[in-house]
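**Student:** One structure coming up, written as structure tokens, with questions to follow.
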Amino acid sequence: MEYSNSGYLVLTAIIEKRSGLRYEDFLRENIFTKLGMNNSGVDTGREILKNRAEGYTVWEKIIHTEFVDMSFPQGAYGMYSTIEDLYKWSQALINSELIHRELQAEMFSAHKGGYGFGFVYR
């Protein structure tokens, strides 16, 4: 298994087809609401989000990161969250609240290239 953003595009299409929901609605109903992640969502790029942090990177000096158009939400990018909500997400993964233990074991195992179902292992 190797990393590929296009794999997440396919996954987004599968989620929408199987659930009958838009990707962002599926996430809200099945993950964010279920886990009490009230400060997380899909960033369409159109809304002004209160307390939004901006990204920076180091080039020759510290600069703003390049703009990423979020008007087409899909599985490879496009979400926003807070540290508190990310903690809830990580606890749900660790405690198998959203997925079966067998899939959890597969996710948390390194595969070819050190990549495993959304996680990089070194």
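The values are calculated or read from the model by the stated rules, or taken from the named source; none is laboratory data. From a predicted model like this one, the values you see are computed outputs, not experimental measurements. Glycine gets a Cβ as well: all are built from the backbone with ideal geometry, and neighbour counts include every protein chain shown.
**Student:** When you check Gly7 against the structure, is it among the small types (Gly, Ala, Ser) and crowded, with 16+ Cβ neighbours inside 10 Å, yes or no?
**Tutor:** no
**Student:** Additional query: Are any of the residues in the range 83-90 within 20 Å of Tyr8 (Cα to Cα), among the polar types (S, T, N, Q) and not in a loop (DSSP other than H, G, I, E, B)?
**Tutor:** Yes.
**Student:** Looking at the range 76-83, can you tell me whether even one residue there is over 29 Å from His111 (Cβ atoms), surrounded by 13 or more Cβ atoms within 10 Å (Cβ to Cβ) and out of contact with any helix residue (DSSP H, G or I) (no Cβ under 6 Å at 6 or more places or on another chain)?
**Tutor:** Yes, because at least one residue in the range 76-83 is over 29 Å from His111 (Cβ atoms), surrounded by 13 or more Cβ atoms within 10 Å (Cβ to Cβ) and out of contact with any helix residue (DSSP H, G or I) (no Cβ under 6 Å at 6 or more places or on another chain).
**Student:** Would a scan of the range 78-88 turn up a residue that is over 14 Å from the mean Cα position of the chain (by Cα) and among the basic types (Lys, Arg)?
**Tutor:** No, the range 78-88 contains no residue that is over 14 Å from the mean Cα position of the chain (by Cα) and among the basic types (Lys, Arg).
**Student:** Collect the residues in the range 61-71 that are in a loop (DSSP other than H, G, I, E, B) and at pLDDT 85 or above, keeping them in residue-number order.
**Tutor:** Lys61 - this is the single residue of the range 61-71 that is in a loop (DSSP other than H, G, I, E, B) and at pLDDT 85 or above.
**Student:** For the range 17-52, what are the residues that are outside any helix (DSSP H, G or I), more than 14 Å from the chain's Cα centre (by Cα) and within 30 Å of Ser96 (Cβ to Cβ)?
**Tutor:** Gly20, Leu21, Arg22, Gly36, Asn38
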